[in-house]
Amino acid sequence: MRDRFRVAVIGVGHLGQHHARLLGSMDGVELVGVVDTKPGRADEVAAKCGTRAWPVARELLERVDGVTIAVPTVSHLDVALPFLESGVAVLVEKPLAPTVADAERLISTAARTGATLATGHTERFNPAVVVALPLVADPRFVEVHRLGTFPERSLDIDVIFDLMIHDLDLLLAAVDSEVVSIEAVGVNVLTPRTDIANARLRFASGCIANVTASRISRERVRKVRFFQHDSYVSIDYAAQEVEVYRLAPRGTVPPIQGGKLEVVNDEPLRRELVDFVEAVRNRREPGVTGRAGRDALELATRIAEKMAQ
């Protein structure tokens, strides 16, 4: 590989513009260009990031070592597949694909050509999550709240695939057990799609997770709490804070010990993009693989199907 990692961003809307901003300022990375179907949008972002706007993504196939894809979910397969078939590394924003079958196709193509495939589950790179996850062992109950105000974007998918999927990915990483039963309810309030959803998941390990996601709340809340036999671990994604409490050994004062842990704040998306570049350079798996993205998508799909029953 060349001294500089050549990368392009395909889709520079609300999220993709930040991909371009961060990659354009990253050491050892050359932002070759950006692509967007909205007239003038690629030119606007390219001017801000000191790069070039390209009219068609396919024109970049021979010019890049990797691409990040932040187009609407329905287009993930069509945009990503030609790059993977050419052996180009790809990071696809969540959800990985519109369907599990499409996700499997991306994974099999990457395996055949040797291309790196990463999924953009940014919360896994949240500094608070990185600090807290090693402290989570055999949780028995998990409470998750991801509440946001009406976004006026990502309305092509429902709240399960837009917001809840972040927490489903984290749950699968933290609990490391098969989901054996699901209870779920969803309501479409402001759009034709589900705007608020709740799922109760039972894992083979016995752990139960209660997961709520909303894009119609008045306040923003992004928290997860793990309850274990010997400790309680709380993560505030937005504030990037972690609290841990444990029972002290008998006779110790105070009987409950713990508090906030030290977390060095950072931009999760920046860490995700650094991980992607380093994974390709060092020929290792990215922090969130295509397979992990597929597993989160499958669980989200099961929840959506349960709601439809």
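Hey, could you check region 231-274 for residues that are within 23 Å of the chain's Cα centre (by Cα) and of a type in the set (D, E, K, R) and say which is nearest to residue 68 (Cα to Cα)? Outline the logic, then answer.
Step one: list which residues in region 231-274 are within 23 Å of the chain's Cα centre (by Cα), which gives 233-243, 263-274.
Checking which are of a type in the set (D, E, K, R) leaves us with 236, 241, 243, 266-267, 270-272.
On the way: 236: 27, 241: 28, 243: 33, 266: 20, 267: 17, 270: 13, 271: 14, 272: 11 Å.
So, considering only residues that are within 23 Å of the chain's Cα centre (by Cα) and of a type in the set (D, E, K, R), the one nearest to residue 68 (Cα to Cα) is 272.
Being surrounded by fewer than 17 Cβ atoms within 10 Å (Cβ to Cβ), of a type outside the set (Val, Ile, Thr), within 25 Å of residue 165 (Cβ to Cβ) and without any contact (Cβ under 8 Å) to a residue 24 or more places away in the chain is the requirement here; does residue 238 meet it? Show your work before the answer.
Working: surrounded by fewer than 17 Cβ atoms within 10 Å (Cβ to Cβ): yes; of a type outside the set (Val, Ile, Thr): yes; within 25 Å of residue 165 (Cβ to Cβ): yes; without any contact (Cβ under 8 Å) to a residue 24 or more places away in the chain: yes.
Yes; evaluated as a whole, the condition is true for this residue.
Name, by its number, the condition in (1) of a type in the set (Gly, Ala, Ser); (2) closer than 23 Å to residue 120 by Cβ; (3) without any contact (Cβ under 8 Å) to a residue 12 or more places away in the chain that does not hold for residue 248.
Result: residue 248 fails condition (2) only.
List the number of the failed condition for residue 139; all other conditions in (1) assigned to a loop (DSSP other than H, G, I, E, B); (2) within 24 Å of residue 17 (Cα to Cα); (3) in contact with a Ser or Thr (Cβ under 9 Å, 6 or more places away or on another chain) hold.
Against the list (1) assigned to a loop (DSSP other than H, G, I, E, B); (2) within 24 Å of residue 17 (Cα to Cα); (3) in contact with a Ser or Thr (Cβ under 9 Å, 6 or more places away or on another chain), residue 139 comes up short only on (2).
Given the condition under 17 Å from residue 91 (Cβ atoms) and surrounded by fewer than 19 Cβ atoms within 10 Å (Cβ to Cβ), answer yes or no: does some residue in region 47-54 qualify?
Within region 47-54, none of the residues are under 17 Å from residue 91 (Cβ atoms) and surrounded by fewer than 19 Cβ atoms within 10 Å (Cβ to Cβ).
Might you check whether a residue that is closer than 22 Å to residue 306 by Cβ, crowded, with 18+ Cβ neighbours inside 10 Å and over 17 Å from the mean Cα position of the chain (by Cα) occurs anywhere in region 144-166?
no
Considering only region 14-26, I want to know if a residue exists there that is of a type in the set (S, T, N, Q), assigned to a strand (DSSP E or B) and in contact with a helix residue (DSSP H, G or I) (Cβ under 6 Å, 6 or more places away or on another chain).
Looking through region 14-26, none of the residues is of a type in the set (S, T, N, Q), assigned to a strand (DSSP E or B) and in contact with a helix residue (DSSP H, G or I) (Cβ under 6 Å, 6 or more places away or on another chain).
Which condition number in (1) under 16 Å from residue 8 (Cβ atoms); (2) surrounded by fewer than 17 Cβ atoms within 10 Å (Cβ to Cβ) is the one that residue 111 fails?
Failed condition: (1).
Would you be able to tell me the number of residues in region 253-265 that are closer than 19 Å to residue 228 by Cβ and either assigned to a loop (DSSP other than H, G, I, E, B) or without any contact (Cβ under 8 Å) to a residue 12 or more places away in the chain (or both)? Before you say what the answer is, go through the steps one by one.
Filtering region 253-265 for residues closer than 19 Å to residue 228 by Cβ gives 255-261.
In the following step, the residues that additionally are either assigned to a loop (DSSP other than H, G, I, E, B) or without any contact (Cβ under 8 Å) to a residue 12 or more places away in the chain (or both) were identified as 255-256, 261.
Looking only at that region, the number is 3.
Residue by residue, here is whether (1) surrounded by fewer than 18 Cβ atoms within 10 Å (Cβ to Cβ); (2) modelled with pLDDT under 95 holds:
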residue	(1), (2)
233	no, no
247	yes, yes
256	yes, yes
262	yes, no
265	yes, no
268	no, no
271	no, no
279	no, no
285	yes, no
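Does any residue of region 44-51 turn out to be under 29 Å from residue 104 (Cβ atoms) and either acidic (Asp, Glu) or touching a Pro at 6+ places or on another chain (Cβ under 9 Å) (or both)?
Initial filter on region 44-51 (under 29 Å from residue 104 (Cβ atoms)): none.
No, every residue in region 44-51 fails to be under 29 Å from residue 104 (Cβ atoms) and either acidic (Asp, Glu) or touching a Pro at 6+ places or on another chain (Cβ under 9 Å) (or both).
The values are calculated or read from the model by the stated rules, or taken from the named source; none is laboratory data. No experiment lies behind these values; they were computed from the predicted model shown. All Cβ positions, glycine included, derive from the backbone under ideal geometry; neighbour counts span all protein chains shown.
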